[in-house]
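**Q** Below are the C-alpha cells for one structure; questions will follow.
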Amino acid sequence: MLMKFLRETKAYTSIFLCLVLLPMVTYSSMIIDASRLQSAKVQVQSAGDLAMNAAMSEYEKVLEDMYGLFATGNLDNIRPAVQKYFEETISEKFKNIDKSQSVEIAKSFTDMSMNAGKNPDGSDIDYTNFCR
C-alpha cells in the first residue's frame, strides 16, 4: 500500500519542487544582486568621504588664521586633489576595476561633489561597475 502511494506521487513531488524552488532561487539571486549593488554604493560613498576629508588637508591657512575657518577659497584648486584622492581610494577598494574605469568614476564623482550632488548631466553615479 505504501509503495503504491509513493509510486503514484513521485511525479507530483517533482512538479511541486520545481514550482516552489524556481521562484525561491530567482528571488534569492535578486536579493544577492541588490545587496551587492548597495554594498558598492556604500563603498563609493565611503571613498568619497575619505577623498573629501583628505582634500581638506590642503585648506588655506589664511582663512583659518583670520576667521577660524577650515576651508578653501577656490574650488578649482581643490578639484584635482579630490579627484586624485578618490581615484586612489577607488582603485584600492575595488581591485576588479581597471585604471581607466577608476579615472572615469573619479571624474564623475568630482563633478558630482562640486555640483551639489549631481553629475553635470543630472544623473547619479552608476554603481554597477563595482558589482562584478
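**Q** Residues being hydroxyl-bearing (Ser, Thr, Tyr) and under 25 Å from residue 43 (Cβ atoms): count how many of those fall in the range 63-93.
**A** Number satisfying all stated conditions: 3.
**Q** Report every pair of residues separated by at least 6 positions or lying on different chains whose Cβ atoms are under 7 Å apart, first residue within the range 82-98 and surrounded by fewer than 16 Cβ atoms within 10 Å (Cβ to Cβ), second of a type in the set (D, E, K, R).
**A** 96/132
**Q** Take the residues of the range 53-66 that are at pLDDT below 80 and among the aliphatic types (A, V, I, L, M): which is surrounded by the most Cβ atoms within 10 Å (Cβ to Cβ)?
**A** Taking the candidates together, the pick is 55.
**Q** Checking residue 131 against (1) under 13 Å from residue 48 (Cβ atoms); (2) modelled with pLDDT under 60, only one condition comes out false. Which one?
**A** The one condition residue 131 does not meet is (1).
**Q** Only one residue in 69, 6, 50, 19 is modelled with pLDDT under 85 and in a helix (DSSP H, G or I), so which one is that?
**A** Working: 69 fails: in a helix (DSSP H, G or I); 50 fails: modelled with pLDDT under 85; 19 fails: modelled with pLDDT under 85.
Unique residue meeting the criteria: 6.
The values are calculated or read from the model by the stated rules, or taken from the named source; none is laboratory data. Since this is a predicted model, take the numbers as computed values, not measurements. Ideal geometry is used to build each Cβ from the backbone, glycine not excepted, and the neighbour counts take in all protein chains shown.
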